[in-house]
Amino acid sequence: MLNNTAVADASAGTDGKNDMSLTARANKKVRHPGSVILSALTIFAAVTTFALLLFLIVYILAKGIPYLTSDLFSLEYTSDNVSLMPSLINTFIMTVVSLAIAAPLGIFAAIFLVEYAGKGNKFVGLIRITAETLSGIPSIVYGLFGMLFFVTTLKWGMSLLAGACTLVIMVLPLIMRTSEEALKAVPDSYREASFGLGAGKLRTIFTIVLPSAVPGILAGVILAIGRIIGETAALLYTAGTVAAVPSNLMGSGRTLALHMYVLSSEGLHMNQASATAVVIMIFVLVINGLSGMIAKRIAKG
Amino acid sequence: MTHLKEKGMKCIFMIAAFTSVIAVFLICVFLFANGIPAIAKIGPLKFLFGTTWKPSNDKFGIFPMIVASIYVTAGAIITGVPIALLTAVFMARYCPAKIYRPLKSGIELMAGIPSIVYGFFGLILIVPLIRQIFGGTGSSMLAASLLLGMMILPTIIGPAESAIRSVPESYYEGSLALGATKERSIFCIMLPAAKSGILAAVVLGIGRAIGETMAVIMVAGNQARMPQGLLKGVRTMTANIVTEMGYATGLHREALIATAVVLFVFILIINLSLSLLNRRSSNAQ
C-alpha cells in the first residue's frame, strides 16, 4: 500500500527528485488530509470529464449504428425512407463553397497581418479586435444576420449560397488565427535568404513562406470543416430545410446537421435521427484524427 | 510591371484583412437597424422587463427569457466549472506524460463535437433520465444546465490549463521548499497566480453557454414563461429566436430580432471583459 502511493506519486508528480523515505511520505500524507482529498478530487474530476466524453461517443454510436440501413442512403428523400443522402451531398457542397471563399480570405488576411502590417500599424489592433469579436458571436446571431443581409436585403432567398456566405463569416476568424500563427512560425531567415537571392516580396511569400506554413494552415482549415459540418443554428434561416439537392447554389437545401435537427424536433423519425448522428460523429472523429496527425507532423518539424 | 503587381496584391491582402471589420460593422448595422425600432415601438422597459410574451396579443416582454438564459448559464457554471478547473489542474500538473497526448486530443474532440449532437444526447438520455427520477416531462432547466455544463468543459479546460502552465515553475519549487505539500503548492500558490487567465477561461465558458442554441432548444422545454423551478421548462433568448422565427411576421419578427440584439449586447459585454482580463494576464507576466 505504502509502496503504491509512493510509486503513484513519483510517476505522477514532478517532486520525484525529493529524497524522502517511504515512511516520511506516508507520515506526510497522514498529516495533510486536505492534500489527499484535493488530489483525489482532482483525479476524480479528470476521470469524470473523460468518462463523459467516452460515454457520449459510445452511446451515440451504439444508439445509431443499428439503424444505418441502405434505405437511408438512397438518392431521393421521401417520407418513407427518410434518406440522409441529399443532406450529405448538400453538406459536401456547403463545405466546398464556404471553404473556397473563406480559406483564401483568411489566409490573405493573415498574410497582411504577418508580412505587411508592421507592429505600429493602427489597423492591426482594429482587425484583431473585430476578429476576436466575431469568434465570440453565437451562431444564431450569425444566422439572423445572414437572414437579414443575404436572404432579404440581397434577395438571394433561402439558398445554399446564403448559407455558405454566413458560414464564411463564421469560420473566418478561425482560419485567420491559425494561418497567422503558422506564418509567424516560419523563421525570418527564410525570408531574408529569399530576399538576398533577389526575389521580390510577393515571390517570397508565395514560394517560400506559404509552402512552409501549409501544415499549420491546413490544421485550421480542417477545424473549419468540422464547424461547417456541425453547424445548425446559422443555417436554419439562411440555407433552409428543403430535403433535396437543389439544382444550383441559389436553391435551398438542408445539411446533415439540419436534417438531424428537423428529424429530432418532429419526433417522428428518432431512429433515423440517431443514424444521422452516427454519420456526423464519424465525420467529426475523422476530422479530429486528421488535424491531430497534422499537429503531430508540425511538432516533429 | 512587377511593382504594380506587388502593389496590387498588397491591396488585395489588405482588403481580405478588412473583411472581418466589415463583417462586424454589417452585423451591428443590420441587427440594430432591425431591432432597435421594434424596441422603441414596444417600449424599452416593457420589452426588457415585461413578463408576458404573447405575440398573438401584441405582448412582447422578454424578461422571462433573459432570466432563463441567466439561470441556465449559472447552472452550467455550477455544474461545469469545478470539474473543468480540476481537470485543467490535472492536465497541467498531475497527468502522466504517457497519456497526456491522447487526453489532450480527447478534449479537442470534445470541443469539436457539434452542439446538435450534444443536444440529441441530452434529448435521448438526460431528458428521459430526469423524467424517470423526478417525474414531469424531463425537458427542464436542470436538463439544460447539465448539458451546458458538459458542453463548456473543453472551452474552459484548454485556456485554464495554459494559464496554469504559464505560472513560473519557481513558484511551485519555492512553495515546496518551504515545506508545503504538492496540493497546497498547486491550489494555494499556482492557482492564485494564474487567477486572471483562469477567470478569462470561465468567462469564455459563460459566453459559450449563453449563446448556445441548438442543444438548449432540444432539452429545455421552451415554455415562454417565468422560470418556475429546476424541473420546469424554460425558454432562453436563443431558443426564443429559433422557435418563432420560422413563422413570425411584422412586429413579432422585429421583436425576435430585438431579442437577438439583447443577446448580442450580452455577448459584447462578455467579450469586452474577456479582452480586459486577457490584457491583465499578459501584463502580469
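The values are calculated or read from the model by the stated rules, or taken from the named source; none is laboratory data. Everything numeric in this text was worked out from a predicted model, so none of it was measured. Here the Cβ is made from the backbone with ideal geometry for all residues, glycine too, and neighbour counts use every protein chain on show.
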ask   = What tally of residues in segment B:224-238 results from selecting those that are under 11 Å from B:MET65 (Cβ atoms) and in a loop (DSSP other than H, G, I, E, B)?
value = 6
note = Of the conditions (1) in contact with a strand residue (DSSP E or B) (Cβ under 8 Å, 6 or more places away or on another chain); (2) farther than 23 Å from A:VAL262 by Cα, the single one that B:PHE134 does not satisfy is (1)
note = Condition set within 21 Å of A:VAL58 (Cβ to Cβ) and facing another protein chain (nearest Cβ under 10 Å), scope segment A:258-277, selection surrounded by the fewest Cβ atoms within 10 Å (Cβ to Cβ): answer is A:MET270
note = Residue count, segment B:62-77, condition among the hydroxyl-bearing types (Ser, Thr, Tyr), more than 14 Å from chain A (Cβ to nearest Cβ) and buried (at least 24 other Cβ atoms within 10 Å of the Cβ), comes to 0
ask   = Given the structure, is B:LEU109 within 7 Å of chain A (Cβ to nearest Cβ), closer than 22 Å to A:THR232 by Cα, of a type outside the set (Val, Ile, Thr) and buried (at least 19 other Cβ atoms within 10 Å of the Cβ)?
value = yes
inquiry  = If the requirement is being touching a residue at least 12 places away in the same chain (Cβ under 8 Å), surrounded by 20 or more Cβ atoms within 10 Å (Cβ to Cβ) and under 30 Å from B:ALA92 (Cβ atoms), which of these qualifies: B:ALA220, B:ALA255, B:ALA209, B:ALA193?
reply    = B:ALA209
ask   = Just a yes or no: is a residue in segment A:77-85 closer than 20 Å to A:VAL284 by Cα and either at pLDDT 95 or above or within 18 Å of the chain's Cα centre (by Cα) (or both)?
value = no
request  = Out of B:GLY80, B:GLY50, report the one residue that is touching a residue at least 12 places away in the same chain (Cβ under 8 Å), within 11 Å of chain A (Cβ to nearest Cβ) and in contact with a Gly (Cβ under 9 Å, 6 or more places away or on another chain).
outcome  = B:GLY80
ask   = Which residues, taken from segment B:83-105, are within 7 Å of another protein chain (Cβ to nearest Cβ) and not in a helix (DSSP H, G or I)?
value = B:PRO96
query = Is one or more of the residues making up segment A:157-175 within 28 Å of A:GLY125 (Cβ to Cβ), touching a helix residue (DSSP H, G or I) at 6+ places or on another chain (Cβ under 8 Å) and outside any helix (DSSP H, G or I)?
reply = no
ask   = Can you find even one residue in segment B:26-37 that is in a helix (DSSP H, G or I), aromatic (Phe, Trp, Tyr), at negative phi and not assigned by TED's automatic domain parsing to the domain that holds B:THR259?
value = yes
message = So the check is Cβ under 7 Å with 6+ separation or different chains; which pairs have a first residue in segment A:62-76 that's outside any helix (DSSP H, G or I) and a second one that's at pLDDT 85 or above?
response = A:LEU68/A:ALA275; A:LEU68/A:VAL278; A:SER74/A:SER83; A:SER74/A:MET85; A:LEU75/A:MET85; A:GLU76/A:SER83
key: In segment A:169-209, the residues that are within 13 Å of chain B (Cβ to nearest Cβ), within 26 Å of the chain's Cα centre (by Cα) and small (Gly, Ala, Ser)   = A:SER179
key: Checklist (1) at pLDDT below 90; (2) within 14 Å of chain B (Cβ to nearest Cβ) applied to A:LYS119, failing item   = (2)
ask   = Counting only residues that are more than 8 Å from chain A (Cβ to nearest Cβ) and either part of a loop (DSSP other than H, G, I, E, B) or surrounded by fewer than 19 Cβ atoms within 10 Å (Cβ to Cβ) (or both), how many does segment B:112-125 have?
value = 0
key: Odd one out for B:THR155, checked against (1) in the same structural domain as B:ARG235 (by TED's automatic domain parsing); (2) surrounded by fewer than 22 Cβ atoms within 10 Å (Cβ to Cβ); (3) of a type in the set (Val, Ile, Thr)   = (2)
key: Matching residues, segment B:158-180, being small (Gly, Ala, Ser), farther than 13 Å from B:VAL81 by Cβ and buried (at least 20 other Cβ atoms within 10 Å of the Cβ)   = B:GLY158, B:ALA163
ask   = Picking from A:THR91, A:THR133, which residue would you name as being assigned by TED's automatic domain parsing to the domain that holds A:LEU268 and more than 30 Å from A:VAL279 (Cα to Cα)?
value = A:THR133
note = Here the residues within segment B:194-223 that are more than 30 Å from A:SER264 (Cα to Cα) and within 13 Å of another protein chain (Cβ to nearest Cβ) are B:ALA200, B:VAL203
query = When residues of segment A:244-301 are filtered for being touching a Gly at 6+ places or on another chain (Cβ under 6 Å) and hydroxyl-bearing (Ser, Thr, Tyr), how many remain?
reply = 2
query = Can you name the number of the only condition in (1) free of Cβ contacts under 8 Å to residues at least 40 places away in the same chain; (2) among the aliphatic types (A, V, I, L, M); (3) surrounded by fewer than 23 Cβ atoms within 10 Å (Cβ to Cβ); (4) at the interface with chain B (Cβ under 9 Å from one of its Cβ atoms) that A:MET281 fails?
reply = (1)
